[in-house]
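**Q** Have a look at the structure that comes next, please.
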Amino acid sequence: MKAAHYVYADNAATTQISDPVFEAMLPWLKEGYGNPSSIYKKGRDAGGAVLAAREQVAACLGAEPGEVYFTSSGSESDNWAIKGVAHMMAKKGKKHIITSAFEHHAVLHTVEALKKEGFEATFLPVYEDGLVRVEDVENAIREDTALVTIMYANNEIGTIQPIPEIGAICRKKGVLFHTDAVQAIGYVDIDVGAQNIDLLSLTGHKLCAPKGVGALYIRKGIPRFPNLIDGGGQESGRRAGTENVAYIVALGKAIELTCADIEGKKAVILPMRERLIDELLKLPRTRLNGHRQKRLPGNVNISFEGIEGESLLLRLDMNGIAASSGSACTSGSLDPSHVLLAIGLIHEVAHGSLRLSINEHTTAEDIDHILDVTPRVVEFLRNMSPLWEKITTEH
Amino acid sequence: MSMLYSEKVLDHFANPRNLGELPDADGVGEVGSPACGDIMKMYIKVKDGRISDVRFKTFGCGAAVATSSMATELIKGQPIDDVLKLTNKAVVEALDGLPPVKIHCSVLAEQAIKSALADYYTRQGIDPGPIVGAIPEACHIH
């Protein structure tokens, strides 16, 4: 038996902090412990580091530094943007929110919470290819629409939404447009101005920065909406809490690195993704979930009929492969992933889904290992499955 | 949602006991549903009032596989009267416990056994109802 080969293929869940990011943040955990609000040098230095990070984030988005606000996470950014804008617009009699059926729960549950307060929501369909239609957005906008919020790229199936076009419609109709870009940063060229984006959420831990830091872009000119967190004057009085300097520095460094060469990264990752998809689709009764081309370069989401996702993940783990699934058992509820249901998969097919999310650190040997192991694991699980027995004898 | 499977559960998952089919089974029971993500199929051979052989196939998660496997170990060679008394609780205890969200998988194991026995009795021309009892539907998704 050859030596154990470990492959981390779950970068959509979280990423390892890269070496340059780790080195950049370390001094701010040890010697650079000053509070950025303090007047003495140690404080001013910390403040300078935060400003530098703000400029790095802004540069990647095509925004101004003053439009970037640091938060604890993508979830916090989503909550603040959606609740803040909703409450502001409610005062003008606008209580309708438009979003998609397969947003991350940080958006969906926020919208559900607002519905309990009396807001109305439209959940746009995402069809079999996992793409929102621009016409649907346009047709859904009403006199009382407060906000449109559509994710840039879906976290489970990786499909990339027509954000610039949606932004243009929203701009034309005078409706604010927010996008959860957590999965898209570093893989898609984002220009908030050209793409008509009013608000954008992002997080560090998908970009090789640590968990616990994110940011919200708010276009200058948007009226000041309520804070999520009140307190001291940090983030121009809009998001209280002593700045997490080391993590903010990490986010800045990480986003600068990932945005530096998006095309180069795609050129490395895409062939590996295509190889995974081509080879795995050779297995019988197996399908790719979401549009083949309009997806993140590192995302593979495939359903294998007749088997269950958690068992698939456990057996992959036994062979040193880390991945995730949309099965009910892994979603923590009785239903499989709402994303897979939203694109029309029936429960039993959604249960047998596998998400592999590779990045620029994935190697050809990693792909070899995944392709060596996965078909064997699928075969083992199918051989022990009464469902596979039914499927193959009845058809 | 984090969850810890015991060593025993992971072992039964990685190395399932009595996996397969019995082409000449005396009773076959299948419970669960594809929509639920859980199906268990049990094959039994009965000789002199005991379960002389048993096999299983499962579509389901780690807990589903482990409880199926452990259930077959617990009933192999046992008299039918004892097998009828096997509860999902006993299967869970034998596995050193299951995370709370996974307990329902063990219910399916108990039902699969009862379903196989019911089939055995039916084939004998005996009404299984009074012996095995009702087997309630565990899954509510259709």
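The values are calculated or read from the model by the stated rules, or taken from the named source; none is laboratory data. These numbers were taken from a predicted model, which means no experiment stands behind them. Reconstructed Cβ throughout: ideal geometry from the backbone, glycine too, with neighbour counts over all protein chains shown. We work out accessible area using only protein heavy atoms, side chains counted, and drop any ligands, DNA or RNA first. Shrake-Rupley method; radii C 1.70, N 1.55, O 1.52, S 1.80 Å.
**Q** Take A:Leu371 and A:Lys220, extend 7 Å from each Cα along the Cα→Cβ direction, and tell me the distance between the two endpoints in nm.
**A** In this crude spin-label approximation the distance works out to 5.1 nm.
**Q** Relative to the first principal axis of the alpha-carbon coordinates of chain A, what is the inclination of helix A:309-318, with its axis defined by its Cα atoms, in degrees from 0 to 90 and to the nearest 10?
**A** Computed tilt is about 90 degrees.
**Q** If you don't mind, another one. Could you state the angle between the C-alpha long axis of helix A:74-90 and the longest principal axis of the C-alpha atoms of chain A, as a value from 0 to 90 degrees rounded to the nearest 10?
**A** Rounded to the nearest ten degrees, it is 60.
**Q** Using a Förster radius of 41 Å, what is the FRET efficiency between B:Asp81 and A:Glu379 based on their Cβ-Cβ separation? Nearest 0.05, please.
**A** Numbers: r = 39 Å, r/R0 = 0.96.
It comes out at approximately 0.55.
**Q** Per 0.36 nm of contour for each residue apart, how much would the distance between A:Lys172 and A:Tyr40 grow if the chain were fully extended, relative to their Cα-Cα spacing? Numbers along the way, then the final one.
**A** Details: separation 132, 0.36 × 132 = 47.52 nm, distance 4.81 nm.
Here the segment from A:Lys172 to A:Tyr40 would lengthen by 42.7 nm.
**Q** To the nearest 100 Å², how much accessible surface do chains A and B cover up together, summed over both, with a 1.4 Å probe?
**A** 2000 Å²
**Q** Would you mind finding the longest exposed-site-free stretch of chain A, with exposed trypsin sites (Lys or Arg not before Pro) meaning DSSP loop and at most 11 other Cβ atoms within 10 Å? Provide the component values of the computation, followed by the final result.
**A** Details: sites that count: A:Lys2, A:Lys30, A:Lys91, A:Lys92, A:Lys220, A:Arg224, A:Lys282, A:Arg292.
So the longest stretch without any such site is A:93-219.
**Q** Measuring from centroid to centroid over Cα atoms, what is the spacing of the range B:92-131 and the range A:38-95 in Å?
**A** When both Cα centres are located, 56 Å separates them.
**Q** Taking the Cα centre of the protein assembly as shown as the origin, how large is its charge dipole in debye, to the nearest 20, when only Lys and Arg (+1) and Asp and Glu (-1) carry charge on their Cβ atoms?
**A** Values: 55 positive and 68 negative charges, 220 e Å.
So the magnitude is around 1060 debye.
**Q** Less than 19 Å from a label point 7 Å out along the Cα-to-Cβ axis of A:Glu120: which backbone N atoms in the range A:74-114 qualify, by residue?
**A** In the range A:74-114, the label zone of A:Glu120 (backbone N under 19 Å from the point 7 Å along Cα→Cβ) covers A:86-101, A:111-114.
**Q** Take the range B:92-142, compute every pairwise Cα distance, and split them into 5 Å bins from 0; I just need the percent in each bin.
**A** 5, 18, 22, 17, 16, 12, 7, 2, 0
**Q** Given R₀ = 51 Å, what would the calculated FRET efficiency be for A:Lys211 paired with A:Thr392, taking r from the Cβ atoms and rounding to 0.05?
**A** 0.75
**Q** Separate question: Which whole-number percent gives the relative contact order of chain A, counting Cα pairs below 8 Å spaced six or more residues apart?
**A** 21 percent
**Q** Just to be sure I understand the curve: with the Debye formula and one point per C-alpha of the protein assembly as shown, what is log10 I(q)/I(0) at q = 0.05, 0.09, 0.10, 0.11 Å⁻¹?
**A** With no solvent term, the Cα-only Debye profile gives -0.25, -0.74, -0.86, -0.98.
**Q** Estimate the FRET efficiency between A:Ala322 and A:Leu281 by the formula 1/(1 + (r/R0)^6), using the beta-carbon distance for r and 25 Å for R0, to the nearest 0.05.
**A** 0.70
**Q** Can you show me the helix-derived [θ] at 222 nm for the protein assembly as shown, built from DSSP H runs with n ≥ 4 at -39,500 (n - 2.57) apiece and divided by the number of residues, rounded to the nearest 500.
**A** -13000 deg cm²/dmol
**Q** Now for a separate question. How much length is gained if the chain between A:Glu55 and A:Glu263 is pulled fully straight, taking 0.36 nm per residue apart and subtracting their Cα-Cα distance, in nm to one decimal?
**A** 72.7 nm
**Q** Compute the angle between helix B:62-75 and the longest alpha-carbon principal axis of chain B, please, reported from 0 to 90 degrees and rounded to the nearest 10.
**A** 40 degrees
**Q** Here's another thing I want to ask about it. Nearest 5 percent is fine: what portion of the DSSP beta bridges confined to the protein assembly as shown is antiparallel?
**A** Antiparallel bridges make up about 65 percent of those DSSP assigns within the protein assembly as shown.
**Q** Something else about it: Provide the net charge surrounding B:Ile51, with neighbours chosen by a C-beta distance below 10 Å and charges set as Lys +1, Arg +1, Asp -1, Glu -1.
**A** Its environment carries a net charge of +1.
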